[in-house]
Amino acid sequence: MVYPKGYLVSVGGAEDKGTDLERGIIERNRLNFFELGILHNVINLVAASGDPIVEVITTASQIPDEVAVNYEDAFRKLGCNTVGHLRIRNREDTGNPEYIKRLKACDCIMLSGGNQLRLSSIFGGTTFLEILRQRFEEEHFVIAGTSAGAMAMSNTMIYEGNAALAHLKGEVKITTGLGLIQGVIIDTHFDKRGRFNRLAQAVAAQPGAIGIGLGEDTGMIVSEGHILTVIGSGCVTIIDGKFIDYNNIADIAFGSPIAVENLIVHLLSKGDSYNVKTRKFIGSPIVIEDDHE
């Protein structure tokens, strides 16, 4: 079995940055993002390139230039001197020869937050996406994404769903994502926005897929295309539907409450890992801190 040589870094959003940034609040959130080490993890993964080239893609965002400036500044403060902005706003932009050239030359792509449906509808089926996938599969190439950028990485993607109504059939909308990681469904802002039922319904509809709920200020590094390792300060929730027994989602009317028996749930924190292929939790060694230091 040949596994991808690249890495994915999926972040649950609002690293006290993503969501607020979409509202125009930038300065206040910058420090927490660094302190949690999310971007440090990205830089560490591409450090082997010497002076890595990072390209930021803001397609999902409605304020692309503000978001790009913030990320450019963030990466530079962490010692990455070459940071660009691929300002792709429509499908025609994906074929821009300059952008294709820069995609082939960079060491890391950063997908911003916003609306994940913009990512799937603009990049789906394009040469740009084919090159992105090929580099991820064949090279030491890093693709990072926060919020919408993280959700779009999976082959099945949630694009809409009110958390308060997510226990009702039909309230969770799914489509095809970018397909960078197979067999999973990723949801973000998971704890703060109460999205357990939303992800559970998506898994009930496709029990072969593993649901991954990323809390805010939290993310995962995906290596070999199937090993998830948690980074950040919060929790990652895994919902496994393989052993579901009773599941009424196919038989009830739209708007009716779903019922699902025997969902398996795991909670992972910093340092813990999960193997998507074997569906096994891999805990990290426990470190006991000395309070007298």
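The values are calculated or read from the model by the stated rules, or taken from the named source; none is laboratory data. Here the structure is a predicted model, which means the values were calculated and not measured. Counting neighbours? That spans all protein chains shown, and the Cβs are built from the backbone with ideal geometry, glycine included.
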Tell me yes or no: at least one residue of the stretch 33-46 is under 24 Å from Thr94 (Cβ atoms), of a type outside the set (A, V, I, L, M) and modelled with pLDDT of 85 or more. no
Has the stretch 268-276 got any residue that is surrounded by 21 or more Cβ atoms within 10 Å (Cβ to Cβ), touching a strand residue (DSSP E or B) at 6+ places or on another chain (Cβ under 8 Å) and closer than 18 Å to Ile38 by Cα? yes
Out of all the residues in the stretch 152-185, which are under 26 Å from Ser256 (Cβ atoms) and buried (at least 24 other Cβ atoms within 10 Å of the Cβ)? Met157, Ile158, Val172, Ile185
Out of all the residues in the stretch 172-186, is one or more part of a loop (DSSP other than H, G, I, E, B) and either at pLDDT below 95 or over 19 Å from the mean Cα position of the chain (by Cα) (or both)? no
With criteria (1) under 24 Å from Leu39 (Cβ atoms); (2) of a type outside the set (S, T, N, Q); (3) in a helix (DSSP H, G or I), Glu98 comes up short on (1)
Of the numbered conditions (1) crowded, with 20+ Cβ neighbours inside 10 Å; (2) at pLDDT below 95; (3) closer than 17 Å to Thr146 by Cβ, Arg30 fails exactly one; give the number of that condition. (1)
I need the strands (runs of 3 or more DSSP E) fully contained in the stretch 189-285, keeping only those with at least 2 residues that are free of Cβ contacts under 8 Å to residues at least 40 places away in the same chain and more than 30 Å from Glu139 (Cβ to Cβ). 264-268
Scan the stretch 240-263 and tell me whether some residue there is surrounded by fewer than 17 Cβ atoms within 10 Å (Cβ to Cβ), in contact with a Phe, Trp or Tyr (Cβ under 7 Å, 6 or more places away or on another chain) and among the small types (Gly, Ala, Ser). yes
Identify, from the list Thr146, Thr94, Thr126, the residue that is among the polar types (S, T, N, Q), in contact (Cβ under 8 Å) with a residue 12 or more places away in the chain, farther than 22 Å from Asp65 by Cβ and in contact with a helix residue (DSSP H, G or I) (Cβ under 7 Å, 6 or more places away or on another chain). Thr126
Does at least one position in the stretch 87-100 carry a residue that is more than 22 Å from the chain's Cα centre (by Cα) and crowded, with 17+ Cβ neighbours inside 10 Å? yes
Between Asp272, Asp240, which is more than 18 Å from Ala202 (Cβ to Cβ) and of a type outside the set (S, T, N, Q)? Asp272
Within the bounds of the stretch 69-83, is there any residue that is in contact (Cβ under 8 Å) with a residue 12 or more places away in the chain, more than 19 Å from the chain's Cα centre (by Cα) and assigned to a strand (DSSP E or B)? yes
Given the criteria under 27 Å from Val67 (Cα atoms), under 16 Å from the mean Cα position of the chain (by Cα) and at pLDDT below 95, does Gly113 qualify? yes
Selection status of Leu132, under 17 Å from Val54 (Cα atoms), in a helix (DSSP H, G or I), more than 19 Å from the chain's Cα centre (by Cα) and of a type in the set (A, V, I, L, M): no
